[in-house]
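J.: Attaching a single structure in C-alpha cells format; questions to follow.
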Amino acid sequence: MKMKSVLCVALTAAGLLLGAQASAQEKLTVWWVKGFYPAEDAALYAAIKKYEAKNKNVKIELSQYPIQDMIPKTVAALDAGGPPDVAYSDTYDFQTTASWAYDGKLEDITSIIDPARNRFAPNTIETTFLLNNKENKRAYYAFPIKQQTMHIQYWGDMLAEAGFKESDIPTGWKDYWNFWCDKVQPASRQKTGNRVFGIGNPMGVDSTDSFFSFLTFMDAYNIKLVNDSGKLLVDDPDVRKGMIQAMTDYTALYTKGCSPPSSTSWKDPDNNVAFHNRTTIMTHNATISIAAKWLDDMNNAALTDAQRATAKKNYTELIKTAGFPNKPDGSKMTYRAAIKTGVIFKESKNKARAKDFVAFMLAEENITPYVEGSLGRWFPVTKAGQQSKFWQGDVHRKAVYNQFMAGTTTFEITKNFRFTQLNNENVYAKAMNRVLNEKVPVDKAVDEMFARIKAVAGN
C-alpha cells in the first residue's frame, strides 16, 4: 500500500510537471489558404515542422481554408477582436491588404522587410509599402510570398485538327483575336462536328479572372486609371476612348459567339474546366494552373497508368503556354503582376513570434520550396527564386519565366487603396454584363463604370 501511495504521488507530480510544460509552450496561430496542389501544402507543412524543430517551445496552430472562405473568416475574426497571429491568402492583395493597412489594422513589419529588401525582385516588395491613414505614415504592412500574371494557354492538337500550325498564329492584336474567333473556331467545328469555342473569355462578376483578363486588354491600349500618386485619370478623354476600345474588344468575342454562353457567369475555376473538357481551344488565365493540373495528374499515384499517360501527353505535348499578342500600337505587352501578400494584424496576440515566423518563411530555403510546390502556378518574388533551375525545366515554366523577365507593372491598388473595393465589386465585369446581358451601349457602360470608380476612389 505504501509503495502504491509513493507511485501515485510520483505519477501525480510527473503529470503536473508535464501539464506545466504543456501550458508553458508558446502558441502561434497561423491561418493559411489551402493549396491548389498537395505539393504546396506539403512544402508549407515541412516549413512549419522545421520551424517547430528549431523553436522547441513553440507550437504552430495551423488552420487552412479554401480561397473563397479566407476573407470572410478573417474579417469575422477581426470584427470579433480575435484575428490570427499570421494570415496569408491568395486574394488578400486584390481585396483587403491595402484597405486594412489604410484603416490601421495591420502591424508595421518594416523590421522584417528592411534587412531582406535587396533579395526581392523589382515591383514586388514595393507593393507592400502601404499607407496607414490612422498614423499618417507609409510602411511595410504586408509580406510578399509569390506573384502571378496573365498567360495564354491553348490546345495544340485542336489547333492542328482545325488545319492550322502554331506559326499561323498572328502577333498583331486584332488579327490575333480574329484568328481564334473567325478562323480556328469554324474550322474546328466543321472538322469535328463538335460545338467548340475558339476562346474561353472569363466575364463573371464573381471571378477575379474576369477583371485580371480585362485589365490586360486595358493595358494593351496603354490606359492608366491612376497616376503614381493615386490620383484618378478617368476624366482624361484619351483614357475614356481607350477604355471604350478595350471594352469593345473584350465583349465582341462573346457577341460574335466565340466564347461559351455561360462565360458571363463563370467563376474562377470555370474557364479551366471548359478548357480541360476541350469545349474551348484557347483561354487566358492568371496562372498556368491549367497546364499544371495535368502535371499534378501525371505524378498522381492514385490514378491509373492510362490516366497518368494521358496527363503526361497533355502536359508535355498538347497544351501550349504563351504570352499575349502585341498591343494595337505594335509594341510588346508589359504584364501586370499581382503580388500575393500575407499580414500580421495589429490585434494579433503574439506579434513578436509572428514576426519571427514570417522572417523564417521569407528565408530563401523556405519560400522557394513553397513557391515551387505550386508546380509553376505561382512565380517567385525573390531574385534567387526566379533564377532556380525549376523555371527552365519545361516549356510552360520557361514561358512564365520569360514573361516576368521582360518586366512587369503593378495594379492600381498599390497607388490607390480604394481600388480594393472596386475589385471586390468587380466593376469591370459588371460593365461587361451591362453590355452583353442588358444591351447597354459600350460607351454608356464605360461612363457608368467611370462614375462608380470616381465615387469610390476619387477622394
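J.: Whole-Hz ³J(HN,Hα) for each residue in region 396-402, computed from phi via Karplus 6.51 cos²θ - 1.76 cosθ + 1.60 with θ = phi - 60°, x for glycine and proline: what do you get?
T.: Per-residue couplings from phi come out as 5, 5, 5, 5, 4, 4, 4 Hz.
J.: A further question on this structure: Can you give me the long-range amide H partners of PHE197? Hydrogens built in the peptide plane at 1.01 Å from N, cutoff under 5 Å, separation of 5 or more residues or another chain.
T.: Counting only residues 5 or more places away or on other chains, the set is THR280, ILE281.
J.: Based on the Cβ-Cβ distance from GLU61 to ARG138, what FRET efficiency comes out when R0 is 35 Å, to the nearest 0.05?
T.: 0.65
J.: Tally up the carbon and sulfur contribution to the accessible surface of the chain as a whole percent, 1.4 Å probe, everything protein left in place.
T.: 54
J.: Which value, in Å to one decimal place, does the Kirkwood hydrodynamic radius take for region 133-194 when every pair of different Cα atoms is included? Display every interim value, and only then the final one.
T.: Values: mean 1/r = 0.0658 Å⁻¹.
This gives a value of 15.2 Å.
J.: Step through the residues of region 292-298 one at a time and calculate ³J(HN,Hα) from phi using the Karplus curve (6.51 cos²θ - 1.76 cosθ + 1.60, θ = phi - 60°), rounding each to whole Hz and writing x for Gly and Pro.
T.: 5, 4, 6, 5, 4, 5, 5
J.: So, in Å, what gap is there between the alpha-carbon centers of region 286-313 and region 81-134?
T.: That distance is 35 Å.
J.: While we're looking at this one, here's another question. At 1.4 Å probe size, with every protein chain present, just tell me what the per residue accessible area of the chain comes to in Å².
T.: Result: 43 Å² of accessible area for each residue.
J.: Once phi is turned into ³J(HN,Hα) by the Karplus curve 6.51 cos²θ - 1.76 cosθ + 1.60 with θ = phi - 60°, what whole-Hz value does each residue of region 156-166 show in order, with x for glycine and proline?
T.: Computed from phi, the couplings for region 156-166 are x, 6, 5, 5, 5, 4, 7, x, 10, 9, 4 Hz.
J.: Using modelled backbone amide H atoms (1.01 Å from N, in-plane), which distant-in-sequence or interchain residues come within less than 5 Å of ALA139's amide H?
T.: LEU130, ASN132
J.: Follow-up question, since we're still on this one. Based on the Kirkwood radius over alpha-carbon pairs, what value in µm²/s does the Stokes-Einstein equation return for the translational diffusion coefficient of region 186-270 at 25 °C and 0.890 mPa s?
T.: The diffusion coefficient I find is 170 µm²/s.
J.: If you stretched the chain out fully between LEU233 and ALA352, how much longer would it get, using 0.36 nm times the residue separation minus the C-alpha to C-alpha distance?
T.: Separation in residues times 0.36 nm, less the Cα-Cα distance, equals 38.7 nm.
J.: Subtracting the Cα-Cα distance from 0.36 nm times the residue separation, let me have the gained length for ALA76 to LYS398 in nm, one decimal.
T.: 111.9 nm
J.: For the pair LYS241 and ASP305, what calculated FRET efficiency results from E = 1/(1 + (r/R0)^6), where r is the Cβ-Cβ distance and R0 = 51 Å, to the nearest 0.05?
T.: 0.35
J.: Extending each Cα 7 Å along its Cβ direction at ARG189 and LYS174, get the distance between those two points in nm, one decimal.
T.: Each label point is offset 7 Å from its Cα along the Cβ direction, giving 2.3 nm.
J.: Taking only C-alpha pairs under 8 Å that are 6+ residues apart, what is the relative contact order of the chain in percent?
T.: Relative contact order comes out at 25 percent.
J.: Of the beta bridges DSSP finds with both residues in the chain, what % are antiparallel, to the nearest 5?
T.: 60
J.: Pulled fully out, how much extra length does the chain show between TYR45 and SER262, if you take 0.36 nm times their separation in residues and subtract their Cα-Cα distance?
T.: That works out to 74.3 nm of additional length.
J.: Once you list every other residue whose beta carbon is under 12 Å from the beta carbon of ASP228, what net charge do they have if Lys and Arg are +1 and Asp and Glu are -1?
T.: +1
J.: How many nm separate the modelled label positions at VAL273 and THR409, each set 7 Å beyond the Cα in the direction of the Cβ?
T.: Taking the simple label geometry, VAL273 and THR409 are separated by 3.4 nm.
J.: Something else: Which semi-axis lengths, in whole Å and largest first, follow from the square roots of five times the eigenvalues of the Cα gyration tensor of the chain?
T.: Semi-axis lengths for the chain are 43, 28, 19 Å.
J.: Could you compute the longest span of the chain free of GluC sites (Glu not before Pro) located in DSSP loops and having at most 10 other Cβ atoms within 10 Å, not counting the site residues?
T.: 136-437
The values are calculated or read from the model by the stated rules, or taken from the named source; none is laboratory data. A quick note: this is a predicted structure, and the numbers were derived from the prediction, not measured. When we count neighbours, we look across all protein chains shown, and the Cβ atoms used for this are built from the backbone with ideal geometry, even at glycine. Ligands, DNA and RNA are stripped out before the accessible areas are found, and what is left, the full protein with its side chains, is counted by its heavy atoms. Shrake-Rupley method; radii C 1.70, N 1.55, O 1.52, S 1.80 Å.
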